[in-house]
């Protein structure tokens with residue numbers, strides 16, 4: 001069966017917007033012999049994963065779990081559980097993933113008010129607060145680390161405005177979790193989701209997520225059932241809660257991999273990990289400055305794990321795509337292009353999880369210097 | 001981080017209703033270094049997976065893909081894409097998974113007519129045809145291999161009645177695919193879904209699925225958007241079609257594992273694989289007869305890969321659960337209990353994929369003989 005063999009895939013240095021490279025310890029965990037999804041041994045691993053995710057999210061939320069889908073499934077889970085048809089919702093849009101939230105909320109029948117930010121800038125707290133005051137939403141949602149622009153969104157003021165107005169708050173932590181501080185309880189976030197293939201350095205396929213007691217109560221008090229059976233957190237609570245009754249078959253191997261990745265994060269310590277991401281991101285911006293790449297985002301709002309850079313003006317149209325392809329083909333280095341309105345205009349360079357190291361930065365800089373010489 | 005270590009999980013012989021054991025070749029594929037989801041090397045593996053799934057499903061459907069969720073996500077994908085609010089639907093219910101289809105269809109706003117079969121029996125073609133004639137549904141859905149009872153449902157007559165009435169047909173192939181013949185095109189099925197952890201012997205986490213041109217056209221002609229952004233097959237077609245544009249990040253490692261499992265199926269040949277499942281299933285029923293376990297399902301409607309057996313009448317209440325636990329703790333053998341109405345009354349023994357071998361049967365029989373001596 002030609003074409004399906006996976007015997008010898010090439011080695012890549014994955015410096016795009018995710019997935020990031022996976023440590024051999026995590027790869028070994030993925031390859032462990034299979035266990036049943038109700039096996040007591042597996043359930044104790046799952047207990048540990050849920051506890052580890054609580055620490056990582058900075059929360060005591062009982063309903064903290066790895067959802068059986070990618071980060072986009074996590075986004076959908078948060079929105080379709082917490083929104084009912086006709087519910088007013090305010091969504092902050094500072095890039096493609098804020099846009100995606102709007103689309104998901106629309107499909108849930110919500111009455112959407114969106115607050116836009118120019119690509120590469122943050123959502124203004126005042127604009128969000130004004131929209132919240134005007135529309136009295138049941139839910140406010142925005143993105144912590146906008147993967148399409150590389151912007152780090154300040155969370156606390158918006159979350160406070162939302163809570164003061166009686167709204168629940170949903171936060172997209174897809175690219176931040178495991179690389180930036182995430183403190184759901186201290187910030188007053190009611191639901192958050194992430195993805196395994198960014199700063200956790202697991203394969204893509206799971207969405208760590210967390211729901212506050214208020215969020216769980218909102219779901220319990222719904223007038224109409226959650227439109228998704230698969231993502232209904234009330235049903236998921238039967239398996240991912242204390243009862244451990246069957247809902248769907250959990251993705252065992254992926255969860256074993258996540259368990260190992262969480263163990264590695266605890267060994268390193270979150271503070272050291274945050275500093276490692278910060279240092280790598282700074283070195284990248286500095287190094288690429290010398291090659292004519294200028295950051296899209298001003299320094300104080302820049303993500304350390306995902307840097308967006310304007311393609312040098314001297315590049316001919318299409319040249320940036322050819323250069324990315326040469327980096328991949330000649331050096332095995334993947335970097336990301338722009339998404340949506342920024343396609344062709346920026347590069348997105350990820351230094352996530354395992355890859356947030358100076359060695360990654362130097363590999364890329366050296367290859368780029370040679371190609372641009 | 002105690003409790004999260006996955007260093008040395010126990011070895012299990014997984015003879016429950018799934019997951020089944022995963023071959024070392026597939027486990028090795030899972031542990032391959034990570035690739036980007038737009039990497040040309042990964043995209044060529046994905047091409048091969050989609051082609052392999054078409055052969056396995058017996059279809060030319062272009063829209064054949066591994067959905068990024070478990071089998072239940074596949075069920076939801078088929079129903080929420082093809083049903084709009086108010087659509088009449090006929091669903092055959094011969095067990096828990098038919099019930100689940102009803103619940104998913106209800107949440108999609110469909111007008112549901114259900115046709116029930118006693119647990120352990122098939123859906124009667126006449127009853128289905130009558131319901132179809134009376135209600136003129138837009139969709140008819142039923143289960144090929146009902147995992148909660150072990151019944152193999154004859155497909156063709158029901159599919160014909162549905163198509164004659166102008167309805168699309170959805171078939172649950174979760175437990176059949178890779179162990180029984182599945183011929184979507186010959187049978188006239190418009191949408192089908194499966195799961196990787198049954199007869200494909202991959203880890204749980206992906207749902208192979210396929211949609212006919214008529215199904216894709218139905219989605220294109222919808223009046224309201226698909227309620228799920230994550231599972232919208234029109235959007236998924238951007239990535240899993242010829243364009244390969246980003247929708248969500250595909251679960252790379254799981255797809256590499258599936259590629260290897262599909263390669264192994266092609267090496268064995270589907271006919272040999274079907275016969276292997278058949279032989280193992282027969283030997284199991286015969287062996288357990290001697291220990292007082294009687295099949296729930298009459299011989300001609302029995303699934304080879306999942307056998308449901310009445311717990312011997314001499315067992316005290318709760319004794320069957322204790323015996324299953326001893327099989328797991330002492331011998332590392334997992335077998336399944338009853339689900340839903342059949343809890344406590346039956347065992348469900350899976351001989352799926354890698355495990356459909358006489359050695360599995362003999363291991364179980366020998367352990368049971370010792371425990372029951």
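None of the figures in this text is laboratory data; all of them are computed from the coordinates on show. Keep in mind that this is a model prediction, so the values were computed, not measured. Note that each Cβ is placed from the backbone with ideal geometry, even for glycine, and that neighbours are counted across all protein chains shown.
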Cα gyration tensor of chain A, axes a ≥ b ≥ c as square roots of the eigenvalues: rounded (a/c below 1.5), prolate (a/b > b/c) or oblate?
oblate
Prolate/oblate/rounded label for the range A:137-266 (Cα gyration tensor, a/c 1.5)
oblate
quick note, chain A, DSSP beta bridge pairs, % antiparallel (nearest 5) is 50
Separation of the range A:332-373 and the range A:12-49 by C-alpha centroid, Å?
26
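Grab the Cα-Cα distance for residue A:214 and residue A:291, subtract it from 0.36 nm times how many residues apart they are, and report the gain in nm with one decimal.
Stretched fully, the residue A:214-residue A:291 segment lengthens by 22.8 nm.
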Counting only DSSP beta bridges with both residues in the protein assembly as shown, what percent are antiparallel, rounded to the nearest 5?
50
Could I have the simple spin-label model distance between residue B:362 and residue A:314, label points 7 Å from Cα toward Cβ, reported in nm to one decimal?
7.4
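Where both residues lie in the range B:142-271, what percent of DSSP beta bridges are antiparallel, nearest 5? Don't jump to the answer; show the numbers that get you there.
Values: 5 of 11 bridges.
Within the range B:142-271, antiparallel bridges account for around 45 percent of the total.
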Just need the relative contact order of chain B here, percent rounded to a whole number, with Cα pairs under 8 Å and 6+ apart.
24
Sorting B:239, B:246 on the 10 Å Cβ count, fewest up front, what's the list?
B:246, B:239
So for A:293, B:57, fewest C-beta neighbours within 10 Å to most, what's the order?
A:293, B:57
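Using Cα pairs under 8 angstrom and six or more residues apart, how large is the relative contact order of the range A:124-195, in percent?
Reported relative contact order: 32 percent.
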Given the rule -39500 (n - 2.57) for each run of at least 4 DSSP H residues, summed and divided by the residues of chain B, what is its mean residue ellipticity at 222 nm, to the nearest 500 deg cm²/dmol?
-13000 deg cm²/dmol
Round to the nearest 0.05 the FRET efficiency obtained for residue B:242 and residue B:160 when R0 = 51 Å and r is the Cβ-Cβ distance.
0.95
Placing the label point 7 Å from Cα along the Cα-to-Cβ direction, what are the distances from residue A:315 to the equivalent spots in the other copies, shortest first, in nm to one decimal?
6.5
Relative contact order for the range A:63-193, counting Cα pairs under 8 Å that sit 6 or more residues apart, in percent
24
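Average partner chain C-beta neighbours within 10 Å, per residue of A:101-113?
Partner-chain Cβ atoms within 10 Å, mean over residues of A:101-113: 2.
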Averaged over B:251-263, how many beta carbons belonging to a partner chain fall within 10 Å of each residue's beta carbon?
6
Report the label-to-label distance for residue B:183 and residue B:25 in nanometres (one decimal), using points 7 Å from each Cα along the Cα→Cβ vector.
2.7
Using alpha-carbon positions, the gyration tensor of the range A:1-105 gives root eigenvalues a ≥ b ≥ c; with a/c under 1.5 called rounded, otherwise prolate if a/b exceeds b/c, else oblate, the class is oblate
If you find the alpha carbon centre of the range A:74-128 and of the range A:242-317, how far apart are they in angstrom?
23
Most exposed to least, judged by fewest other Cβ atoms within 10 Å, B:267, A:266 sort to B:267, A:266
Cβ-Cβ FRET estimate between residue A:224 and residue A:373, R0 fixed at 60 Å, reported to 0.05
0.45
Semi-axes a, b, c in Å (a largest) for the protein assembly as shown, each sqrt of 5 times a Cα gyration tensor eigenvalue, come to 43, 28, 25
Looking only at B:14, B:288, B:256, which one moves most when chain B is put into a Gaussian network model with springs between Cα atoms under 10 Å?
B:288
Checking rank on B:273-279, B:191-197, with mean other Cβ inside 10 Å and highest first, the result is B:191-197, B:273-279
